[in-house]
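Q: So that we are looking at the same thing, I have put the structure below in structure tokens.
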Amino acid sequence: MDATAQGSATVLGALGAGLPALLLHFGLVLGLLIVGIFVYLAVTPFHEQQLVRSGNTAAATVLGGALVALAIPLAALLATTGSLLDILVWGVVAVILQLVTVTIISLLMRGMRGMIEAGQVAAAIPVVAAQISIGLLNAAAMVPV
């Protein structure tokens, strides 16, 4: 077998061994992201889906920020661990921390619901900033040991 054929066989072998693991890990993280966003939608004090459908930019901004904030720690887990159990356990913790964040923000920002429902993007920006900040800190703290 020449060097080119041997190199191709090595690449195909690695792809055959690694692709199923990649798909499994990616599928688990994607599932956590989907569950996380649905739980987020259920616990927030306003109805983002309805507001977004009606063209509310503030609600769309908050929902987009929540999605990114949930994805950040999940992406860090995906990049730093090969264990499905670690990804599952710490992924659930990441989602819970993001939900706690939005709950605390809701309590601290009196009138946030009304401002978001009124489409005030100025109210959405600190919410998104807090969500993404916690997502980044969460990602940095969740590097499995």
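Just so it is clear, none of the values below were taken in a lab; they were calculated from the coordinates. Quick caveat: nothing in here was measured; it's all calculated off a predicted structure.
Q: How much length is gained on full extension from Leu136 to Arg113, taking 0.36 nm per residue of separation minus their Cα-Cα distance?
A: Values: separation 23, 0.36 × 23 = 8.28 nm, distance 2.45 nm.
In short, 5.8 nm is gained.
Q: Binning every alpha carbon pair distance of the stretch 25-141 at 5 Å from zero, what are the percents per bin?
A: Result, from short to long distances: 2, 13, 24, 23, 17, 11, 7, 3, 1 percent.
Q: Could I ask something else about it? Run the numbers for Leu88 and Phe38: contour at 0.36 nm per residue of separation, minus the present Cα-Cα distance, in nm.
A: On the way: separation 50, 0.36 × 50 = 18.00 nm, distance 1.69 nm.
Stretched out fully, the Leu88 to Phe38 stretch lengthens by 16.3 nm.
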